[in-house]
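The values are calculated or read from the model by the stated rules, or taken from the named source; none is laboratory data. The model shown is predicted, which means the values in this text are computed figures rather than measured ones. FYI the Cβ positions are ideal-geometry reconstructions off the backbone, even for glycines, and counts take in every protein chain you see.
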């Protein structure tokens with residue numbers, strides 16, 4: 001198993017320079033990473049799973065002009081095309097500054113054979129100021145049993161009867177999970193966390209850890225068979241009601257298939273202390 005999802009690297013020598021009208025380079029503020037085989041998708045060996053890029057973009061959002069008095073409350077990740085294994089570069093910016101509300105965005109680009117970069121994914125996150133509202137807390141009951149009461153396994157189990165061969169390589173081979181009874185539909189819920197760091201040489205933060213695996217809700221929330229259908233998501237939106245704690249995230253998801261070739265997956269999200277928010281993903285349905 002690879003030791004991390006991304007290896008930080010210097011700017012590639014073959015990168016095509018970006019210049020403005022005056023011929024001056026406009027490329028600044030990018031970080032560069034080499035994705036490892038641990039990011040590989042379950043849908044194709046030529047592209048990354050949506051989870052690690054989402055975690056990498058959350059890392060970028062967290063490092064962009066951080067404000068200790070604000071917290072991320074909604075993050076939307078758009079997958080604009082296959083996220084390949086060429087050099088990945090990423091850069092964030094504050095789109096809407098503010099003392100109470102701010103909006104931060106980050107772009108992830110993949111290097112092509114000619115040295116140029118193609119925009120492959122984008123995340124946008126709203127940050128809101130914090131305040132004490134503990135007197136009015138209302139939330140669903142915690143998801144139980146907790147990971148400490150279970151025996152986590154490498155990869156994911158619980159979907160074997162759907163024709164799913166999750167395998168032990170690529171992204172699925174890099175995670176730990178424990179499957180339990182779900183609440184939102186007739187599909188199981190899952191406790192899940194990355195078993196390796198997001199970026200080599202760094203300790204993964206709680207938000208980075210959770211955003212690296214939330215994309216898997218789309219795979220856990222369905223009863224469709226993979227040898228008959230595919231259901232690829234084009235986006236993931238996460239609404240948080242508080243900041244999650246710890247590397248484990250509990251996902252209780254359910255996919256709704258519409259009659260016109262698309263649907264949506266909705267998931268309730270938990271950490272080991274209780275409910276933390278909900279996710280939603282648009283799903284493209286295709287018959288094999």
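Checking each residue in the stretch 255-277 for being in a strand (DSSP E or B) and touching a helix residue (DSSP H, G or I) at 6+ places or on another chain (Cβ under 9 Å) picks out 255, 265, 266, 267, 269, 271, 276.
One residue stands out among those in the stretch 26-46 that are outside any strand (DSSP E or B) and in contact with a strand residue (DSSP E or B) (Cβ under 8 Å, 6 or more places away or on another chain): the one that is farthest from residue 226 (Cα to Cα), which is 26. Here residue 40 clears all of (1) crowded, with 22+ Cβ neighbours inside 10 Å; (2) at pLDDT 95 or above except the condition numbered (2). The number of residues in the stretch 169-179 being surrounded by fewer than 23 Cβ atoms within 10 Å (Cβ to Cβ) and touching a residue at least 60 places away in the same chain (Cβ under 8 Å) comes to 3. Candidates 226, 273, 230, 234: the one that is out of contact with any strand residue (DSSP E or B) (no Cβ under 9 Å at 6 or more places or on another chain) and farther than 23 Å from residue 142 by Cβ is 226. For the structure I just gave you, tell me whether residue 83 is surrounded by 19 or more Cβ atoms within 10 Å (Cβ to Cβ), at negative phi and assigned to a strand (DSSP E or B). Considered against the rule, which asks whether it is surrounded by 19 or more Cβ atoms within 10 Å (Cβ to Cβ), at negative phi and assigned to a strand (DSSP E or B), residue 83 comes out as no. Evaluating residue 160 against the criteria (1) exposed (fewer than 12 other Cβ atoms within 10 Å of the Cβ); (2) at pLDDT 95 or above leaves one unmet condition, (2).
Filtered by the rule that a residue be at pLDDT below 95 and not in a loop (DSSP other than H, G, I, E, B), the stretch 227-252 gives 229, 230, 231, 232, 233. Screening residue 132 with (1) exposed (fewer than 14 other Cβ atoms within 10 Å of the Cβ); (2) in a strand (DSSP E or B) gives one miss only, at (2). Here residue 217 does not qualify as crowded, with 22+ Cβ neighbours inside 10 Å and over 16 Å from the mean Cα position of the chain (by Cα).
Can you find even one residue in the stretch 93-106 that is in contact with a helix residue (DSSP H, G or I) (Cβ under 6 Å, 6 or more places away or on another chain) and closer than 14 Å to residue 34 by Cβ? Checked against the condition, which is being in contact with a helix residue (DSSP H, G or I) (Cβ under 6 Å, 6 or more places away or on another chain) and closer than 14 Å to residue 34 by Cβ, the stretch 93-106 yields no hits at all. Among the residues of the stretch 222-239, those identified as closer than 17 Å to residue 125 by Cβ and surrounded by 21 or more Cβ atoms within 10 Å (Cβ to Cβ) are 236, 238. Residues that are assigned to a helix (DSSP H, G or I) and either out of contact with any helix residue (DSSP H, G or I) (no Cβ under 9 Å at 6 or more places or on another chain) or farther than 23 Å from residue 254 by Cα (or both) within the stretch 174-218 comprise 174, 206, 208, 217, 218, listed in sequence order.
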